[in-house]
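To start, the structure itself, in structure tokens.
Values in this text are rule-based calculations from the coordinates and carry no lab data. Computed from a prediction, not measured in an experiment: that's the story for all the values here. All Cβ positions, glycine included, derive from the backbone under ideal geometry; neighbour counts span all protein chains shown.
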Amino acid sequence: MKDREDHQFQSKGGDDMTNIFNAGWTRRSILAGAAAIATALTMPGQARADWPEGNMRMIVPYAPGGTSDNITRAVTPAIEAILGRTITIENIGGGGGVIGVTQLAKAEPDGLTFGFVPTATLVIAPLMRKLNYDPLTEIQPVAKVAESYGALAMRKDFPADTLDEVIAYAKAHPGEVTFGSAGIGSITHLYVEIFAASAGVEVNHVPFKGSSEAMNNVLGGHVDGQFDAVVLRQAQAGAVKPIAILNDERWDGLPDVPTLNDLGFKGFEDIASWFGFIAPAGVPEEAVQQFSAAVDQALKDPQVIERLAALGVMPKYLPADKFGALIQSNYKQYGDILTPLGLTQ
């Protein structure tokens, strides 16, 4: 199919996988530079907009309808109300989130341009390939917002109903089973690689411009499955087959679907999918502090909590300094996961 020809990358579990990424930073330079973004910022104070006046731009580096986009739209109205500002959400998809974050990194650091990103764009992508921006020097962490549930789901007519059956089918048909992701270097890409390695199977990774595009291709039968948070609602609606929850605990929205731990499948224990707000480096400190404080307040709003729960997302706020420290610690964690898979630079 055209989608497979345009997007296809092969993943082989149990053997050294080909590194499909360009050479760039070393892990040593990444780890050394990570300390620079974990600077101590004072705790946000009163959530008033004291930085330059004007409407704000929020870059979401993925297509509309994906997990990052859905979370942004669930939280942003409350932030607008708290700050008394208009925030325009701009979706700039492609490159596993890299294209949108590149634009954010190069934006004027006036406090009027922010971004919303998942783990991948600040932690995973820099370990896997050369970027057009330096997330360690050109990005300012602002606030961690949430962590998400995720699941493995297969298209409705896929000839397997359980994890064991999916693995058995993949072993019997090496290289034929396809999994869509939000793009190369996204955490959903990492899920595919970890699954292939842990299960000892050869599958095809099919990167798209975002989770929603990948999901649409699963729904359309163009790819077989997807590891993502966006599959949860489709599974609730009966549009896809839920196979397993990726988190340690079951999701209340699909209480009968087992976790990977329930099934004894190892490899996903140390993987956490978080989301947060960022800004270009050099943004006024008061903008960082007050936007972060507004996020903290918004995440206590019952309506926001309800919206996030419907998306399979748990509010998990961290201020800028602690968010930066989390990013720093994740470099080593994910580097240790990616290196044995042959996916680091």
Ordering of 316-323, 247-254 by burial proxy (mean other Cβ atoms within 10 Å per residue, highest first): 316-323, 247-254
Label-point separation, A309 to T162 (7 Å along Cα→Cβ), nm: 3.2 nm
Sorted peptide list for 118-128, 58-68, criterion being average Cβ within 10 angstrom, highest first: 118-128, 58-68
Sequence-distant lysines (8 or more away, or on other chains) whose Cα lies within less than 27 Å of K171: K2, K12, K156, K241, K266
Contour excess over end-to-end distance, with Cα ends at D256 and I89 and 0.36 nm allotted per residue: 56.6 nm
Projected label distance in nm at A272 and E249, using a 7 Å step from Cα toward the beta-carbon: 1.4 nm
Charge dipole magnitude, Cβ of K and R +1, D and E -1 - the chain, Cα centre, debye nearest 20: 340 debye
Per DSSP, loop GluC sites (Glu not before Pro) in region 114-195 with at most 13 further Cβ within 10 Å: E176
Cβ-placed point charges (K, R +1; D, E -1), dipole of region 61-185 about Cα centre in debye, nearest 20: 120 debye
E53 versus E176: modelled label distance in nm, points set 7 Å from Cα along the beta carbon direction: 6.6 nm
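Hey, can you list the DSSP H helices of the chain whose Cα span along the axis is 15 Å or longer and whose average Kyte-Doolittle score is at least -0.5?
Taking the DSSP H segments of the chain (at least 15 Å long, mean hydropathy at least -0.5), we get 27-37, 67-83, 187-199, 285-298, 320-338.
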Antiparallel content of DSSP bridges confined to the chain, in %, to 5: 65 percent
Candidate aspartates and glutamates for bridging to K322, where Cα separation is under 16 Å - those fewer than 8 sequence places away on the same chain excluded: E147, E285, D296
